[in-house]
């Protein structure tokens with residue numbers, strides 16, 4: 001069962017699917033930034049079960065040179081598939097606009113001393129939406145810090 005509200009399910013989700021298609025088809029040239037919305041990136045991972053390449057569009061915030069993404073799944077009781085992909089293979093790539101960047105992912109949970117600070121950054125960046133998602137589930141919603149690899 002979905003924890004999405006009717007507005008999220010019937011308005012936001014179709015819009016996000018369209019955005020995802022445009023962002024992917026243009027290799028990040030269109031869709032990185034949409035007025036009034038947080039910036040988006042394409043997360044390129046390897047499937048934890050299949051070993052196949054996977055790409056997911058996610059909003060992000062920045063903390064220095066690191067990218068912050070949140071495994072909220074709209075407040076669902078289960079983590080998104082990409083969460084498991086990053087846990088198994090933390091070395092991956094992102095596309096922020098047309099730039100493809102190699103990164104290493106580090107999970108940050110509520111027991112980490114930096115979690116509250118990072119949560120504040122991502123939550124404010126996303127219009128306080130993550131607080132609402134957290135109220136829908138009992139699982140602690142993890143944050144991933146995507147640190148660019150040095151060349």
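Key figures for this structure:
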quantity	calculated
The chain - mean residue ellipticity at 222 nm from DSSP helices (-39,500 (n - 2.57) per run, n ≥ 4, rounded to 500)	-7500 deg cm²/dmol
Rounded FRET efficiency, nearest 0.05, which uses the C-beta distance separating residue 149 from residue 115 and R0 of 22 Å	0.40
Within segment 19-56: backbone nitrogen closer than 15 Å to the residue 62 label point (7 Å, Cα to C-beta)	32-34, 38-41
Radius ratio Rg over Rh of segment 6-148, counting only Cα atoms, Kirkwood formula for Rh	0.93
Potential extension, residue 46-residue 88 segment - 0.36 nm per residue separation minus Cα distance	14.3 nm
Inter-label distance, nm, simple model (7 Å from Cα along the C-beta direction), residue 19/residue 33	1.5
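None of the figures in this text is laboratory data; all of them are computed from the coordinates on show. Keep in mind that this is a model prediction, so the values were computed, not measured. Glycine also receives a Cβ, built like all others from the backbone with ideal geometry; neighbour counts cover every protein chain displayed.
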